[in-house]
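The values are calculated or read from the model by the stated rules, or taken from the named source; none is laboratory data. The structure presented is a predicted model; accordingly, all values stated were derived computationally and were not measured. Note: ideal-geometry Cβ built from the backbone for every residue, glycine included; neighbour counts use all protein chains shown. When the accessible area is computed, the model is the full protein with side chains, heavy atoms only, and any ligands, DNA or RNA have been set aside. Shrake-Rupley method; radii C 1.70, N 1.55, O 1.52, S 1.80 Å.
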Amino acid sequence: METSQLIGLLGEGLVQTLYMTLVATFVSYVIGLPIGVSLIVTSSNGIKPVGWYNKIMGFIVNVVRSVPFLILMIALMPYIRKIIGTGIGTSATTAALIVAAAPFVARMVEQSLLEVDAGVIEAAQSMGASNMQIIRKVMLLEARPSLLNGAAVATITILGYSAMAGSIGGGGLGDIAIRYGLYRFQPAIMWITVIVLVILVQIMQEIGLKIAAKLDNRIN
Amino acid sequence: MSDTIISLQGVTKEFETKSGKVVALKDINLDIKAGDAYGIIGLSGAGKSTLVRTINLLETPTEGKVIFDGENLMSLKQSELNQKRHKISMIFQQFNLLMQRDAIGNVCFPLELAGVPKKEAEAKAMELLKVVDLEERAHSYPSQLSGGQKQRVAIARALASDPEVILCDEATSALDPKTTRAILALLKKINEERGITLVVITHEMDVIKQICKDVAIIESGEIVEKGDVQEIFAHPKTPAAKKLFFPDGQKELTGKTSTKSRLRLVFDGKDAHKPIISRMIMELKAPVNFLYADMDVVDGVQKGTMVICLSDDPEIAEKQRAFLIKEDVVFTELEVEGEVE
Ligand SMILES: Nc1ncnc2c1ncn2[C@@H]1O[C@H](COP(=O)(O)OP(=O)(O)O)[C@@H](O)[C@H]1O
Ligand SMILES: [Mg+2]
């Protein structure tokens, strides 16, 4: 394979991977963040305990989380095909990533919010803050550094999932690594994609930590 | 003038725990006058925090009524209660500041909750930071401030909503003695100059002595004694009060002087500046023995108790008593154990 061809191939894979990872992460947060918040708020020592909701939602989250990603993706394929018209490629993978990652994100968010000092929430209540104000102005802001760290971890995890999806025709760098490394036996290409993935993870990790530290006012 | 601002009526609070029911408050009846500095003192676990948290309904009583400004808070909807809470601020032992906001941001917080425009809120917050002497730290974050400074920010924040009452739950318990005095002086000033009612929860007598006008003593969830600080200080009735006011006890006052009359003198402030005892000694030319003294400055005046032993000559002892009565000194005869003669 020519170098230019290789670069083109990798470039396309990189774009697909980034697309799947970022879109899936974003949508997972759109779904997972409110779920994570609701789990904290409705827990028995939350600001609005709702036992049945907390139990049911906690159960659903756990069930989805305990299914390995590849199996989940294969199980979801027929449904995804029905909805978006195809069971393979970046769109299908992105859809599966969202289903797998949203519960994961919910738990990450829950963990971060758990770190918020109960005394501060109580202080806000004593000042007459509504529950919505407490969520928006106290919990999410006080947990911001931890939430951002969590987002970096989530993005990297989703990147890993997207690479796995390559093994079943999911597109992106993982797909390239499998196709060329395994089926066409071109280990060099496989290793190059692996290196690109490693660099991608490093960059995401660094960006995540940097932003989280920069936006943390506890340590200056 | 002395309207009741807070009234707890038959307040009982029970907690359901895994190990059974905990009765944290038992039939509490308490009236707090507007402008008062009301202390609630008791040992750890007595129910002080639970009590103060029922005043703004952070804790909902199992039974009883919480009346604020003539309104039963328990009959309000959550949104109405939130409005009322703007008028009842609270400060805490652990300060409970928002760690991700700077000092001025923390003071702005209650204003933001109330929907005050940002510019206006910041101007007011700056004024309040001046009141607590922290204007030059307006843009410091809590992690950059000392405990005393954090509590000052919390006090400024408490003032932001123009409250009628500030509840203080062990507000100085995490601070060193010097900072404690400064914070208490600030609270006292706020009470006196702005007429804001203070409810001061503490386990430390010194805090009560320094700023409170009235006090209630709470023990195992019950108010065992309450009233004017000076009055209770002068005439503690219950064992709980005596223990709090005279932690050293007076049991050590036994021994060789047992046949002599012993008096406990109470100085409630009026006369403490006059050297009564030394004048008595000079005028009657008879000595007295000092057995115990616990004098203190409460609310700016000298007060305390003193136990003295009168002359063993009954005639002189009688004169000494007459002198004390003439000088209006409050005293009680102490029983003398093991009297033989
Ligand atoms: N949320 C709660 N659940 C169960 N028991 C509680 C709770 N809050 C307080 N208590 C109990 O109520 C009693 C009084 O506690 P508290 O008001 O905190 O005392 P204090 O502030 O005087 O130290 C204690 O026995 C405590 O264990
Ligand atoms: Mg307490």
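Annotations
- Gaussian network model of chain B, springs between alpha carbon atoms under 10 Å - residue of B:Ile201, B:Ile55, B:Ile281 with greatest fluctuation: B:Ile281
- Here B:Asp31 sits with roughly 90 square angstrom of accessible surface, probe radius 1.4 Å.
- Shape analysis of segment B:4-239 places it in the prolate category; the axes a ≥ b ≥ c from the Cα gyration tensor give an a/c of at least 1.5, with a/b above b/c.
- Per residue, the average separation of C-alpha pairs within less than 8 Å and at least 6 apart gives chain B a relative contact order of 17 percent.
- Spatially proximal aspartates and glutamates relative to B:Lys326 (Cα-Cα < 18 Å; intrachain offsets below 8 disregarded): B:Asp268, B:Asp271, B:Glu283, B:Glu315, B:Glu318
- Only beta bridges with both residues in segment B:4-239 are counted; by DSSP, about 55 percent of them are antiparallel.
- Amide H partners (placed H, <5 Å) of B:Ile91, local residues excluded: B:Leu167, B:Cys168, B:Asp169
- In order along segment A:7-18, the phi-based Karplus estimate (6.51 cos²θ - 1.76 cosθ + 1.60, θ = phi - 60°) of 3J(HN,Hα) comes to 4, x, 4, 5, x, 5, x, 4, 4, 4, 4, 4 Hz; Gly and Pro are listed as x.
- Nearest-ten-degree value, helix A:144-165 long axis tilted from longest Cα axis of chain A: 30
- Nonpolar atom fraction for chain A, defined as the carbon and sulfur part of the 1.4 Å probe accessible area, stands at 69 percent.
- In this view, the solvent-accessible surface of B:His203, computed with a 1.4 Å probe and all protein chains in place, comes to about 90 Å².
- Segment B:92-110-segment A:12-49 distance, computed between alpha-carbon centres (Å): 28
- Ordering of B:146-152, B:314-320, B:117-123 by packing [mean C-beta count within 10 Å, highest first]: B:146-152, B:314-320, B:117-123
- Rounded, prolate or oblate (a/c below 1.5 giving rounded, otherwise prolate when a/b exceeds b/c) for the protein assembly as shown by Cα gyration tensor: prolate
- Rounded tilt (10° steps) of A:51-66 against the dominant C-alpha axis of chain A: 20
- Computed from phi, the 3J(HN,Hα) profile of segment B:328-333 under the Karplus parametrisation 6.51, -1.76, 1.60 (θ = phi - 60°) reads 6, 8, 7, 9, 10, 6 Hz, with x in place of Gly and Pro.
- Peptide-level mean, for A:10-22, of C-beta atoms on other protein chains within 10 Å: 0
- Beta bridge orientation in the protein assembly as shown: antiparallel %, DSSP, nearest 5: 70
- With protein chains left intact and a 1.4 Å probe, residues in segment A:3-214 average 49 Å² of accessible area per residue.
- For B:Asp328, the accessible area of its heavy atoms, probed at 1.4 Å with every protein chain present, is near 110 square angstrom.
- Interchain or long-range residues, amide H under 5 Å from A:Met127's placed H: none
- Amide H contacts under 5 Å for B:Ile28, placed H, 5+ residues apart: B:Gly10, B:Val11, B:Thr12
- Per residue, the protein assembly as shown reaches -16000 deg cm²/dmol at 222 nm when only DSSP H runs of four or more residues are counted, each adding -39500 (n - 2.57).
- By the combined test of axial Cα extent (at least 15 Å) and Kyte-Doolittle hydropathy (mean at least 0.5), the qualifying DSSP H helices of chain B come to B:103-113.
- 3J(HN,Hα) couplings calculated from phi for segment A:182-194 with the Karplus curve 6.51 cos²θ - 1.76 cosθ + 1.60 (θ = phi - 60°) are, in sequence order, 9, 6, 9, 6, 10, x, 4, 5, 4, 5, 4, 5, 4 Hz; Gly and Pro show x.
- Segment B:136-215 versus segment A:176-208: alpha-carbon centroid distance in Å: 60
- Test item: B:89-96 mean partner chain Cβ contacts at 10 Å: 4
- Prolate/oblate/rounded call for segment B:118-210, Cα gyration tensor, a/c under 1.5 rounded: oblate
- Of the listed residues B:Glu80, A:Glu142, the order by accessible area with a 1.4 Å probe, largest first, is B:Glu80, A:Glu142.
- Neighbouring Cβ atoms from other chains, within 10 Å of the Cβ of residues in A:113-124, number 4 on average.
- Trypsin sites (Lys or Arg not before Pro) within segment A:179-220, DSSP loop, no more than 16 other Cβ atoms inside 10 Å: A:Arg184, A:Arg218
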